[in-house]
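The values are calculated or read from the model by the stated rules, or taken from the named source; none is laboratory data. Bear in mind that the values here come from a model prediction, so they are computed numbers and not experimental data. Every residue, glycine among them, receives a Cβ derived from its backbone with ideal geometry; neighbour counts consider all protein chains shown. Heads up: the accessible areas ignore ligands, DNA and RNA and are worked out on the full protein's heavy atoms, side chains in. Shrake-Rupley method; radii C 1.70, N 1.55, O 1.52, S 1.80 Å.
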Amino acid sequence: MAEALLNIADLNVRFSGDISLEHALNIPGMRTFLIPDGAPDIEVRLDHPLQAAPFHEVHRFEIADGHSECRVGIDAEGAYIYQFGASSLLRYDERRPGEVCLSTMEQASYLRFALWVAYSLPGLRMGRVPVHSSTVVHDGRAVMCLGESGTGKSTHTRLWLKHIPDCHLLNDDSPIVALRDGVPTAYGSPWSGKTHCYRQEHFPIAALLRLEQRPENRIRRLGTVEAFSALQPSCPPSFAQDEHSLDLLCDFISGIISLTPAYRLGCLPDEGAARLSHHTLFCNP
Amino acid sequence: MFGRRFDSAQLHTTREAMRINEQMKVRSVVGENIVIMPAAGKVDMTKVVALNESALHLYNSLAGRPFELSDAVEALLREYDVDEATARRDAEAWIAEMRENGLITD
């Protein structure tokens, strides 16, 4: 069977599958993370013969720009099921924590998202969580802009790139966060939204920055509960829909926010906003 | 025939049995005791409520069974060195806030 090995956020991920492997590797950004050899931490079995079976639904949302739905639930054996569209399936049984099975996707466009899910389910158990963020690196540290879609995360990081020296973008949509030797770290990933920013790199996190559009630029350091509320909505939404996943996610978030400062930045899309956040994070430690 | 009048406001606050929402779970996050209530729709509508020490004590005392205001008052009196009037006031405030957050149901 055809297979390939990738390293994503310091986890070795083996993709295997006769039909879909080539499609998977052709997804923009994926090849950046290929490695020649290593023992896999995560096995993603593509083109797996999964049978459709009833499951208890816990979550449902739109995919493919609103043309389809993803349903998430738990099957009779207690395994997590994701159904993409009419019949494309992903199954994750936590009793085999490193293994994820996917059926052949009915639409090629589902595969990118399905692989993101396939990474994130075992990833959570291994201390790696994708965080919806635009992340810029300055002076060797990552600044993670968080916020709902459309609030201006990418705009803010672009302002850093324009006005703050010694900066580069790590990822524009879904970097992966983990504790690396006890240090909260942001990793590049193959999932970067519409911006092709695929970097096999990692940096300690300088701060979490939750953005809101406001008529003037102001920044405020957050306490524990607010920091939790700032980070949790930026983690995979399905993790909040069943008790066990939410337990794991809370432990993860605890670990990160106990070691990383979080701020709320109300801002305009201007140079002043970037200078304010840069000054606060890097000039007043 | 034998009409009787009740002080209906009094009845509402002291006699009615209520329960802590069974879906409520308290989790410890960096030393804070929080309750997370995912919104059915948008992720960013997730609500997080932090319980201070006395709120947590009331939760632990009253979860899993129907209770009335008097039970909450008693729980506070058992644990804290306060007079009954204060305990009653605090219990009422706790119930009101929990209700507002959907954490107490009738």
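Taking chain A as a Gaussian network, where each spring joins two C-alpha atoms under 10 Å apart, which residue of A:SER87, A:SER154, A:SER16 fluctuates the most?
Maximum fluctuation in the GNM of chain A, among the listed residues, is at A:SER87.
By how many nm would the segment from A:ARG141 to A:ARG221 grow when fully extended, if each residue of separation counts as 0.36 nm and the alpha-carbon distance is taken off?
27.0 nm
Taking only DSSP H segments of four or more residues, each worth -39500 (n - 2.57), what value at 222 nm results for the protein assembly as shown once the sum is divided by all its residues, to the nearest 500 deg cm²/dmol?
-8500 deg cm²/dmol
Starting from the coordinates of the alpha-carbon atoms of the range B:17-105, obtain the Kirkwood hydrodynamic radius over all distinct pairs and give the value in Å to one decimal.
The answer is 13.6 Å.
Can you give me the % of accessible surface on chain A that is carbon or sulfur? Probe 1.4 Å, all protein chains present, nothing else counted.
49 percent
Given a Förster radius of 25 Å and the C-beta distance between A:GLN107 and A:GLU148 as r, what FRET efficiency does 1/(1 + (r/R0)^6) yield to the nearest 0.05?
The formula returns an efficiency of 0.40 here.
Provide the buried accessible surface between chains B and A in square angstrom, both chains summed, 1.4 Å probe, rounded to the nearest 100.
Rounded to the nearest hundred, the buried surface is 1500 Å².
Kirkwood Rh over Cα pairs of the range A:37-82 into Stokes-Einstein at 10 °C, 1.306 mPa s: D in µm²/s?
123 µm²/s
How big is the Rg/Rh ratio for the protein assembly as shown, C-alpha atoms only, Rh by Kirkwood, two decimals?
Value, to two decimals: 1.05.
Considering all alpha-carbon pairs of the range A:169-231, what whole percent are spaced by more than 18 angstrom?
Summing the P(r) of the range A:169-231 above 18 Å gives 50 percent of all pairs.
Taking R0 as 30 Å, what FRET efficiency do you get between A:SER87 and A:GLU201 from their Cβ-Cβ distance, rounded to the nearest 0.05?
Computed FRET efficiency for A:SER87 and A:GLU201: 0.20.
Which of the listed residues, B:SER70, A:LEU249, A:SER133, is farthest toward the dipole's positive end in the protein assembly as shown, when Lys, Arg count +1 and Asp, Glu count -1 at the beta-carbon?
A:SER133
Kindly count the pairs of lysines across the protein assembly as shown whose alpha carbons are less than 23 Å apart, treating pairs on different chains or eight or more residues apart as eligible.
Lysine pair count for the protein assembly as shown: 8.
To the nearest 20 debye, what is the magnitude of the charge dipole of the range A:130-283 about its Cα centre, counting +1 on the Cβ of each Lys and Arg and -1 on the Cβ of each Asp and Glu?
500 debye
Hey, got the dipole for chain A? About the Cα centre, +1 on K and R Cβ, -1 on D and E Cβ, debye to the nearest 20?
Once rounded to the nearest 20, the dipole reads 980 debye.
So what is the accessible area of chain A per residue, in Å², with the probe set to 1.4 Å?
Accessible area per residue, chain A: 42 Å².
When only alpha-carbon atoms count, how far does the range A:128-271 stretch along each of its three principal axes, as whole angstroms with the largest first?
Largest to smallest, the principal-axis extents are 43, 34, 27 Å.
Ignoring ligands and nucleic acids, what accessible area does B:GLU32 show with a 1.4 Å probe (Å², nearest 10)?
In the full protein context, B:GLU32 sits at about 70 Å².
Please state the charge dipole magnitude for the range B:17-105, taken about the Cα centre, from unit charges on C-beta atoms (+1 on K and R, -1 on D and E), reported in debye and rounded to the nearest 20.
Magnitude of the dipole: close to 520 debye.
Which value, in nm² and rounded to one decimal, describes the direction-averaged projected area of the C-alpha convex hull of the range A:3-126?
For the Cα atoms of the range A:3-126, the hull's average projected area reads 7.4 nm².
Which value, in Å² and to the nearest 10, is the accessible area of B:GLU100 when all protein chains are kept and the probe is 1.4 Å?
150 Å²
Accessible area, 1.4 Å probe, largest first: how do B:GLU22, B:GLU79, A:GLU201, B:GLU92 sort?
Highest to lowest solvent-accessible surface, that is B:GLU22, B:GLU79, B:GLU92, A:GLU201.
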